[in-house]
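Step one of this worksheet: look at the structure below.
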Amino acid sequence: MTVEGKRVLVTGAAQGIGRAIADRLAAEGAAVCVADLNADGAEQVVAAIRDSGGTAVSAGGNVAERADIRSMIDLCVAELGGLDVMFNNAGFNRPQPFLEVTEEVWHQIMNVNALGVMMGCQEAAKTMIAQGTGGKIVNTASIAGREGFPSFVPYCVSKFGVVAITQAAARALAEHDITVNAFAPGVVATPLWEQLDLDLMEIGDSERPGQAMEDFSAGILKGFAAQPNDIAGTARFLASTDSDYMTAQVIMIDGGMVLV
């Protein structure tokens, strides 16, 4: 049980990959702060974890606002006794054709997916440094952080940014015994991809429900799209003592879509 007793905060944990991470870590003995813009959804996840015998608390907030991130971390520390692992997982996408990308959508995505990750790293590190016990920061990157897609330009830029933030933070925080790593999912059957499917139909990139996921999944060496639980094991490794000697790395967990 290499995560047992760890105090963990997961943003974007009301659903999808974030929820799978929270569920897995709680089942293995971690105390989890489930954070999400959807405060009601976060509380539902907490209730399910507690019903299964785990330890969890919820926190609402917007990762695009530093004050909200600070409040999430402060709640985690107050309720769970500290912060050992921070998952900067919250993010979203809003497809637009390359020639039609607007400044509004660009800034919305960048503020959550890139700026939110940087601020999450900063605020988590401040707490870990004050505790004096080191810690782990884990960021959610993407296959879109390794190659560009014409209808996902702001999203791709934000996820390339997550890779850069991960490397920079790892260098900055190594002296404090804080590791910073990331994992990069591909196609995962989550509400984010369900919305992408609808959005891509709306802009004419696909013609029928489910086509977008099928098209993107066609090149997966494993032969199928992931479920959130397929990602949770890698996330658990990055939160555990098994990864103590790893930092500044991005682990591809995409079934073999992008070969790097």
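Table for the structure above
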quantity	calculated
Average Cα contact separation per residue, the range 116-260, under 8 Å, 6 or more apart, as relative contact order %	29
Ranked packing of 102-115, 5-18, 215-228, 146-159, most packed first, by mean Cβ within 10 Å	5-18, 146-159, 102-115, 215-228
By average C-beta atoms within 10 angstrom, highest first, the peptides 22-33, 171-182	22-33, 171-182
Cα gyration tensor shape of the range 11-136, rounded if a/c is under 1.5, else prolate or oblate by comparing a/b with b/c	oblate
Candidates 212, 64, 232: whichever shows maximal mean-square fluctuation once the chain is modelled as a Gaussian network with Cα springs under 10 Å	212
Proximal charge balance of residue 71 [Cβ under 14 Å; K/R count +1, D/E count -1]	-3
Reach of residue 6 by Cα under 16 Å, taken over lysines that are not fewer than 8 positions away in the same chain	136
Whether the range 41-96 is rounded, prolate or oblate, judged on the alpha carbon gyration tensor where a/c under 1.5 counts as rounded	oblate
Net charge dipole size for the chain [Lys, Arg +1 and Asp, Glu -1 on Cβ; Debye, nearest 20]	680
The range 197-226: GluC sites (Glu not before Pro) falling in loop per DSSP and having at most 16 other Cβ within 10 Å	207
Average Cα contact separation per residue, the chain, under 8 Å, 6 or more apart, as relative contact order %	19
Between helix 16-27 and the chain: long-axis angle, C-alpha atoms, 0 to 90°, nearest 10	30
Summed side-chain charge close to residue 119 - residues other than residue 119 whose Cβ falls under 10 Å, Lys, Arg +1, Asp, Glu -1	-1
Net +/- balance of residues flanking residue 159 in space, Cβ distance below 12 Å, scoring K and R +1, D and E -1	0
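Each reported figure results from applying straightforward, stated rules to the coordinates on display, with no laboratory input. Values in this document were obtained by computation on a predicted structure and should not be read as measured data. Note that each Cβ is placed from the backbone with ideal geometry, even for glycine, and that neighbours are counted across all protein chains shown.
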